[in-house]
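Okay, so here's the structure we're looking at.
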Amino acid sequence: MRQHFDQCPIGLVIADPNTGTFLRVNDYFCELLGRTEEELTSKPWATWVHPDDQAATEGARIQLTHRAPVSNFRNRYLTVGGAWMTIDWWAQVSPDDGLLYAACAPRMPEALSVHDALSRLRSGGMADDGRLLRHILDNLPHGVLIRRDDGGEAEMNAVGKAMCGLDPDRPYPQEKLNEVLSTWNPRARDGRPLKLKETPIWLALQGKESKRVVVVNVNGEDKVWSVSAFPVFSVLNPNIVAYAVSFFAECEACQLNIDRLIEIEEGQGQRER
């Protein structure tokens, strides 16, 4: 259970909804705030919530004590560096042990932010400036892949490479990135294999933007990602068929991790009994 808890690519917490205190937090959540588990579990969570978000956060806590789940709840937490980080939450209370199980992720820009960045690149007359494109890609906080179907080298930013188990600092030819994509084997949240026409990449090649939460296989391990794709050939070159793929773990994907966490925790409790 601890392995799933700490290796999950989003924040996971177990808490007491009656006292508003964290009982356990995973490594990802600690890294988000730059705080240790000992620190985060030693005081009520309200200690680190933005003053303007205190009332809404308390309302969400009361809602959870009445066994009503909370989804897409957003508030701000104080990081160790003094900055306020906006975080999205999904949470529910288990009817078996009365504990609160929650998953969270920092608020991430939508894939359209990539589209907007590339559009600005085009409107500024700098569509051929590879250095500026690289700067844009590497400063986005989620994975981005731009794939060209003319045989040229594909672009993937450092975050995307790290998420795919690749060296963030190393350039890769399109053949290697194609190989990575071929192993994703995207499935729906219920495990059903996606038909070709349901995949965001296929829709992008038809000139459509799309977004969905999928389960993908990365180096033999299932990951729950939000994947968006959209055509960018009008930005890069009207004669080149290309698309951009944006992928990250966000709160739309959190419910699977909460369900899995509760399942593991309850199974462990039954074995102990």
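Asp222 meets all of the listed conditions (1) of a type in the set (Asp, Glu); (2) in contact with a helix residue (DSSP H, G or I) (Cβ under 9 Å, 6 or more places away or on another chain); (3) more than 16 Å from Ser246 (Cα to Cα) but one, namely (2).
Quick check: is even one residue across the range 103-119 under 22 Å from Val224 (Cβ atoms), at pLDDT 85 or above, within 18 Å of the chain's Cα centre (by Cα) and not assigned by TED's automatic domain parsing to the domain that holds Ser228? The answer is no, given that none of the residues of the range 103-119 is under 22 Å from Val224 (Cβ atoms), at pLDDT 85 or above, within 18 Å of the chain's Cα centre (by Cα) and not assigned by TED's automatic domain parsing to the domain that holds Ser228.
Applying a threshold of 7 Å to beta carbon distances and a minimum spacing of six or more residues, or different chains, the list of pairs starting in the range 146-161 at a residue that is over 13 Å from Tyr172 (Cβ atoms) and ending at one that is modelled with pLDDT of 75 or more and among the small types (Gly, Ala, Ser) reads Val159/Gly143. Which of the residues belonging to the range 189-218 are modelled with pLDDT under 80, of a type outside the set (Asp, Glu) and part of a loop (DSSP other than H, G, I, E, B)? Within the range 189-218, Arg189, Gly191, Thr199, Gln206, Gly207, Lys208 meet the criteria. Taking the condition in the same structural domain as Ala102 (by TED's automatic domain parsing) and not in a helix (DSSP H, G or I), does Phe29 pass? No; evaluated as a whole, the condition is false for this residue. Of all residues in the range 63-89, those that are closer than 13 Å to Gly34 by Cβ have Cβ atoms under 6 Å from Cβ atoms of residues that are part of a loop (DSSP other than H, G, I, E, B), 6 or more apart or on another chain, in Thr79/Gly34; Val80/Gly34; Val80/Arg35; Trp84/His50; Met85/Thr79. Looking at (1) under 21 Å from Ala83 (Cβ atoms); (2) surrounded by fewer than 19 Cβ atoms within 10 Å (Cβ to Cβ); (3) in contact with a Leu (Cβ under 9 Å, 6 or more places away or on another chain), which is the one condition that is false for Thr41? Answer for Thr41: the failing condition is (1). For Trp89, the requirement of being closer than 15 Å to Ile14 by Cβ and aromatic (Phe, Trp, Tyr) is met.
The values are calculated or read from the model by the stated rules, or taken from the named source; none is laboratory data. If you're wondering where the values come from, they're calculated on a predicted model, not measured in any experiment. Virtual Cβ from ideal backbone geometry, glycine too; neighbours counted across all protein chains shown.
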